[in-house]
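*Asks:* Sharing a structure here in structure tokens format.
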């Protein structure tokens, strides 16, 4: 029998919708991708300055071009941030915010082109910034091809007008790095898009597993109740027909219908017991798998004799606290532990606190509190700036309604 699962929170996408919360590994990959693009831009700026220095350009020109390259790189960092948090809307939906970096790139290109006398340096900043926009699928490849051709043409013009007059400088190095920048950027962003697709597929797989489990439970309940209800309906119909002519036979059918009701009730209890009877070690392992699927780093500790713990009380508590961690946690780390103590059993889950404000209704925690109180245990909740902890202590033999 497969283990029950807890659904992963679905976050809608689109205009005005919350952004998909990425796992920690995917977020780290983004910083590697963005820093790689920015470092390549800085390298191109350095090649500009060194090549012009070798060509004998004055120091004020070199300083101005270096400063312009830094400002341009900073403006592309803003575009990269917008690219990371893009939605399915068109690339121009945020044009007021995107306009400033594009204008900066155009001005930087104009200044660098006038100071250096090179068309290549005048064209590259704007071409690179335009490529960082959220172009629809397939358009970016054509934009990269067009931008590379444009930069190659500018390089050819500079070779005819400027490079031939100063053959000692490494103009080929400047041209190679400048024309390669769009392609390197496109490859980095393509790799990031692939990882985003994989991450969303992982989240969809977790939701699909939860949906399949719910469908399986619904199918079992439908098969069980549908069979018994159909039998009961037939027995009552037969009793109704027999009552006027053969009251004793009709009464026997009523007794049979009552037995069918008892069987249906017992079958429902058995079905519920079968789902509740999952070993607590498996419950915690399943919860840890769900948290890991959501991108959290999970540490789980389970006592060797955990199967002797009151599963009827702890199993729903484990599922409820896991759901709370998925919905309201920060999604970075979690620690789960089920241990034996002299006073009974102790279950504790701790996770990093999310940025969202705590829920006002507290229905989940109130439900946990009622379960623990009915079992004669204690519940402790600790909420700090960067940590949220739920600790439950239960006696070895639960008492009251929980039993």
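The values are calculated or read from the model by the stated rules, or taken from the named source; none is laboratory data. These numbers come from a predicted model, not from an experiment. Please note: Cβ atoms are built from the backbone with ideal geometry, for glycine as well, and neighbour counts cover all protein chains shown.
*Asks:* Kindly indicate whether residue 293 is at pLDDT below 85, more than 22 Å from residue 220 (Cβ to Cβ) and in the same structural domain as residue 332 (by TED's automatic domain parsing).
*Replies:* Yes.
*Asks:* Report, by residue number, each residue of segment 210-242 that is loosely packed, with under 13 Cβ neighbours inside 10 Å and closer than 22 Å to residue 262 by Cβ.
*Replies:* 222, 223, 226, 230, 233, 237, 240 - these are the residues of segment 210-242 that are loosely packed, with under 13 Cβ neighbours inside 10 Å and closer than 22 Å to residue 262 by Cβ.
*Asks:* May I ask you to verify whether residue 3 is modelled with pLDDT under 90, outside any helix (DSSP H, G or I) and touching a helix residue (DSSP H, G or I) at 6+ places or on another chain (Cβ under 6 Å)?
*Replies:* Yes.
*Asks:* So, residue 76, is that one in the same structural domain as residue 183 (by TED's automatic domain parsing) and buried (at least 21 other Cβ atoms within 10 Å of the Cβ) or not?
*Replies:* Yes, satisfied.
*Asks:* Can you tell me which residues in segment 338-358 are at pLDDT below 90, surrounded by 16 or more Cβ atoms within 10 Å (Cβ to Cβ) and under 13 Å from residue 303 (Cα atoms)?
*Replies:* Listed by number, the list holds a single entry, 344.
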